[in-house]
Amino acid sequence: MTPDDDISDPDVERATDGGVSAGAVDERPSSETEFVDVFEEGDLDLRAGADNCYKCTTCDMSCPVAEVDEEFPGPKFQGPEQWRLKRKEDEDIDDSIMSCSNCMRCDSACPSGVPLSQMHNEARGEYVDEQMSTLSTEYWRNRILSNYRTSAAIASKVPRLANWAMNFGPARWLMERTLGVTKEREFPDFATETFREWWTERGGAAVENPDKRVAYFHGCYSNYNTPEVAKSMVRVFEQFGYEVMVPPQGCSGTPMFANGMLDDARRHAETNVAELAAAIDDGADIVASCTSCSLSLRQEYPELFDIDRIEDVAENTFEAMEYLRIYEDIEGELADAELGGEAFAYHGPCHARNQGLHRQAVELFDDVDGVLVEDVGDSCSGISGTYGWKEEKYEKSMTIGEEMFEHMDHAEGDVGMTECPTCAMQMEHGTGYEIRHPLELLDDALVR
Ligand code: SF4
Ligand code: SF4
């Protein structure tokens, strides 16, 4: 099986047919992304963006990898400086690009609007295509990690066996020695019933409403590992009268961008854009429960690919709670809710920060009786998707995460909360806390 075979999973079928336009939605935030051409011979030429850099080094100060690794030259070098060099002569990409975690914090830090993460993604793609041997262990390790959806689709056919095997000590030791996947982390459990299986078993949408439709981009993790998050998302939207569609979908591409596997990411993007554009034609807006998935659809897709309707998809994509805050009186609904004395240590993922969404869980639950959601600060969790799973990056990833672990320890609650599934893994790994998604709390407060 190749990494992209599973895009056409037999269980990935359109669950809701199309219909009339969603008239309730009329005030949409427009995408602020600047699309800058970069490569002369590719889809994009970013060299013009390099000229906007005035070397203030603000981006370097914001980089969590540069903070703990003095050999990492930082985002200014990876971005504008590298592109200036390439303009003069056709320099190779510096191999330190593979040490960038794609946290994208430098993007929002730059006061001059230099498209740093776009430059890094392009550079990583070129590095992998032209300078990394496809016979190397690193190439295959990165390819397997970034195509998590393929492994998860196979493992979820035999979840109990997979859960045992993936955390069997000798197997983990072998994986570290042969592939360079750290044995220090616990593999997340695969659900015995995926979200899509549950959805099919349930008979699809419980609410039909041609005037209020959303197409749910659940991503890989909510489907294979945490279907409870996806079910909460469905229940909450149905509570507000939305008809939820669950279109066929591949991976958002987030782990592929971070590993320079742009051909794999493009194949998934083509499927996603076609299916989500069809849902838009059926009157739906797109909502995601993972902040990296929403960032990918909104920002990385139009920055990296030229696919028909890609900007349509980017402009109509929202994070789930963001969507409810824009179009529903969710604060009003929550005002009457009561929860049973719960306190959460909340971490805002870097990719939520990039969309301006890193405070929304704290703000949403601020006035709800019986719940305290405490922000544990603006540091990076350090795992950055597949980054912290690499044997040579594990210690660095944990050093970056130390500040968050300490703040979680000092927070009142001993349950964590975040929107990002891999930040959740790191929070659990570093503190031993149970971690919940804010949508699960919304489900508790408004539905159950
Ligand atoms: S923050 Fe922007 S302008 Fe400043 S050094 Fe970095 S890329 Fe250049
Ligand atoms: S994406 Fe993150 S790790 Fe990479 S250069 Fe920017 S701040 Fe540093």
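The table below lists the values:
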read-out: Evaluation of residue 184 against (1) at pLDDT 95 or above; (2) within 25 Å of residue 398 (Cα to Cα); (3) crowded, with 16+ Cβ neighbours inside 10 Å (one fails), failing number; value: (3)
read-out: The stretch 116-140, subset of a type outside the set (S, T, N, Q) and outside any helix (DSSP H, G or I), residue nearest to ligand 2 (Cβ to nearest atom); value: 132
read-out: Looking only at the stretch 167-182, and only at residues there that are touching a residue at least 60 places away in the same chain (Cβ under 8 Å) and assigned to a loop (DSSP other than H, G, I, E, B), the one that is farthest from residue 222 (Cα to Cα); value: 180
read-out: Failed condition for residue 87, given (1) in a helix (DSSP H, G or I); (2) more than 16 Å from ligand 1 (Cβ to nearest atom); value: (2)
read-out: Neighbours by Cβ (under 8 Å, 6+ apart or cross-chain): first from the stretch 189-206, in a helix (DSSP H, G or I) and surrounded by 12 or more Cβ atoms within 10 Å (Cβ to Cβ); second β-branched (Val, Ile, Thr) and modelled with pLDDT of 95 or more; value: 196/246; 199/234; 199/246
read-out: Residues being closer than 18 Å to residue 403 by Cβ and either in the same structural domain as residue 258 (by TED's automatic domain parsing) or touching a Pro at 6+ places or on another chain (Cβ under 9 Å) (or both) - total across the stretch 66-81; value: 1
read-out: Conditions (1) under 20 Å from the mean Cα position of the chain (by Cα); (2) within 16 Å of ligand 2 (Cβ to nearest atom): number failed by residue 113; value: (1)
read-out: Checklist (1) buried (at least 22 other Cβ atoms within 10 Å of the Cβ); (2) assigned to a loop (DSSP other than H, G, I, E, B); (3) aliphatic (A, V, I, L, M) applied to residue 234, failing item; value: (2)
read-out: Residue list for the stretch 331-357, restricted to those being aliphatic (A, V, I, L, M) and touching a residue at least 40 places away in the same chain (Cβ under 8 Å); value: 334, 337, 339, 343, 345, 352, 357
read-out: Matching option when the condition is assigned to a helix (DSSP H, G or I), of a type in the set (D, E, K, R) and within 16 Å of the chain's Cα centre (by Cα), among 325, 298; value: 298
read-out: Residue within the stretch 397-408 that is crowded, with 18+ Cβ neighbours inside 10 Å and part of a loop (DSSP other than H, G, I, E, B) present; value: no
read-out: The lone exception for residue 318 - which of (1) buried (at least 21 other Cβ atoms within 10 Å of the Cβ); (2) touching a residue at least 40 places away in the same chain (Cβ under 8 Å); (3) under 20 Å from the mean Cα position of the chain (by Cα) it fails; value: (2)
read-out: Conditions (1) part of a loop (DSSP other than H, G, I, E, B); (2) closer than 29 Å to residue 223 by Cα; (3) not acidic (Asp, Glu): number failed by residue 145; value: (1)
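The values are calculated or read from the model by the stated rules, or taken from the named source; none is laboratory data. Here the structure is a predicted model, which means the values were calculated and not measured. Glycine gets a Cβ as well: all are built from the backbone with ideal geometry, and neighbour counts include every protein chain shown.
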